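Trainee: This is the structure, below, for whatever I ask next.
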Amino acid sequence: MDAQPTHSPNPWEWPEPTWRGMVAKARAGRSLRPAAWPNGAKCAVALSFDADHETIPLRDGDASPMRISQGHYGARAAMPRIRALFQKHAIPASFFYPAVSALLHPDEVRGVAGDGHEIGIHSWIHELNTKLDHATERDLSFRAADVLGKLSGRTPVGMRTASWDFSPYTLSVIREMGLLYDSSLMADDDAYELTDDGEATGVVELPPEWIRDDAPYFGFMRHSAIRPHTTPSGVEEIFRAEFDGAYAEGGLFLLTMHPHITGHRSRISMLERLIEHIKTHNVWFATHEQVAKWCWEKAI
C-alpha cells in the first residue's frame, strides 16, 4: 500500500521541488464566482451541518458512554429541532454524514433526504485522511458513498472531509469518484476550481472556514484549566458579520454547523435569528450541490 510522502524533518533542508510539489496539490485554480445568482439574488447562502453524532469518540476508540452520549444528543434531540426550523423557513441545507453515523441513524438520513435536503459524504467513521494510506482512504470513501446513496436514495455528489483533513491523495480519490465538488479547503471566500499539479480538475471547491464554523466557538475542554466558550450572541455577531460581508461583495456565504453543537436550546434560537436576518436581504438559499452546479455553469 502507498505510504505518506517522507521528507527531511527540517523543511529548510528540502529541495525546491519538494515544497513546490506540496503546494501544487489541490491548489486553487480559476475563480468560479458567477456574474450573477439565480433570480437576481445578490448573495448565495449555503447552510450545512456535519452530522457527526457518535463518530468522534468512536474514531478515537473511546468507549465512554458519557462521550458517546454527547454525540447521540445530535441525533436524538438536536436534529428534530433543526429539521423543524428549516421546514418552518422553507429553506434547503446540506447534511454531511460519516457513514457510521448514517448507519446508526438510517431513518434520520431518509427523513432529511425526504425533506429535500442534500446528503453529502463526510468520511466513514470521522477518520483523519492524513493518517491513512491511499488505498485505505480510497476504500473508505467509496464505501461511505455507497452507504449514503443506498440510505438517501441518491448518489452523493459532494464531499467534506472529516475535520477538513485533506490528504495528498484526497483529490485523486474525489476525481476517481466523479464528484462535483469538495467543501474542505480554504483558499478563497468564493467557489473555485481545484487544480492538481497544475492540471485543472473540473472539481468545484466550496470553501469553508473556521470563522464560519460553530465548533471553535462552542468548544468546551472539560479537563483543562482553559475552557474556551463563546456566547450564542457572540457567535451570532460573527456569523452575521460574515454574511453581511458576503452580501456586500455579492458572493457566497457558506456556514458549517454540527447538530450536537448548534442544536442545543440556547443556540438554535441564535440560528433562527441569523436566518431571519438573512431573509431580510435578496438572497438565494441553496444546497451545496446547487451552488456548485450554478458556479460551474455560470462562472465569469
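Trainee: Please enumerate the residues belonging to segment 244-273 that are among the hydroxyl-bearing types (Ser, Thr, Tyr), in contact with an Asp or Glu (Cβ under 7 Å, 6 or more places away or on another chain) and either farther than 25 Å from Cys295 by Cα or surrounded by fewer than 22 Cβ atoms within 10 Å (Cβ to Cβ) (or both).
Mentor: Scanning segment 244-273 gives a single hit, Thr262.
Trainee: Assess whether Arg83 counts as being surrounded by fewer than 24 Cβ atoms within 10 Å (Cβ to Cβ) and under 28 Å from Leu132 (Cβ atoms).
Mentor: In short, no.
Trainee: For segment 98-135, give me each residue that is more than 19 Å from the chain's Cα centre (by Cα) and of a type in the set (Gly, Ala, Ser).
Mentor: Once the filter is applied, which keeps residues that are more than 19 Å from the chain's Cα centre (by Cα) and of a type in the set (Gly, Ala, Ser), segment 98-135 yields Gly111, Gly114, Ala135.
Trainee: Here's something else I'd like to know. Tell me, which strands (runs of 3 or more DSSP E) lie completely within segment 192-300 with 1 or more residues that are over 24 Å from Ala41 (Cα atoms) and at pLDDT 95 or above?
Mentor: 192-196, 199-205
Trainee: Can you find even one residue in segment 143-157 that is in contact with a Gly (Cβ under 8 Å, 6 or more places away or on another chain) and among the hydroxyl-bearing types (Ser, Thr, Tyr)?
Mentor: yes
Trainee: So the check is Cβ under 8 Å with 6+ separation or different chains; which pairs have a first residue in segment 195-216 that's within 15 Å of Ala246 (Cα to Cα) and a second one that's acidic (Asp, Glu) and part of a strand (DSSP E or B)?
Mentor: Leu206/Asp182
Trainee: Which of the residues spanning segment 144-170 are part of a loop (DSSP other than H, G, I, E, B), more than 19 Å from His258 (Cβ to Cβ) and either modelled with pLDDT under 95 or out of contact with any Asp or Glu (no Cβ under 7 Å at 6 or more places or on another chain) (or both)?
Mentor: Within segment 144-170, Gly153, Arg154, Thr155, Pro168 qualify.
Trainee: A further question on this structure: Could you tell me which residue of segment 136-160 is nearest to the chain's Cα centre (by Cα), considering only residues that are within 21 Å of Glu205 (Cβ to Cβ) and crowded, with 22+ Cβ neighbours inside 10 Å?
Mentor: Here the answer is Arg160.
Trainee: Which of (1) modelled with pLDDT of 95 or more; (2) touching a Pro at 6+ places or on another chain (Cβ under 6 Å) is the odd one out, the single condition Leu32 does not satisfy?
Mentor: It is condition (2) that Leu32 fails.
Trainee: Let me ask something additional. Can we say Phe95 is in contact (Cβ under 8 Å) with a residue 24 or more places away in the chain and under 17 Å from the mean Cα position of the chain (by Cα)?
Mentor: Taking the combined requirement at face value, the residue satisfies it.
Trainee: Right, another one. Would you please name the residue that is surrounded by the fewest Cβ atoms within 10 Å (Cβ to Cβ), looking only at residues in segment 98-122 that are part of a strand (DSSP E or B) and touching a residue at least 60 places away in the same chain (Cβ under 8 Å)?
Mentor: So the residue we want is Glu118.
The values are calculated or read from the model by the stated rules, or taken from the named source; none is laboratory data. Quick caveat, the model's predicted, so the values are computed rather than measured. So basically every Cβ, Gly included, is an ideal-geometry build from the backbone, and we count neighbours across all protein chains shown.
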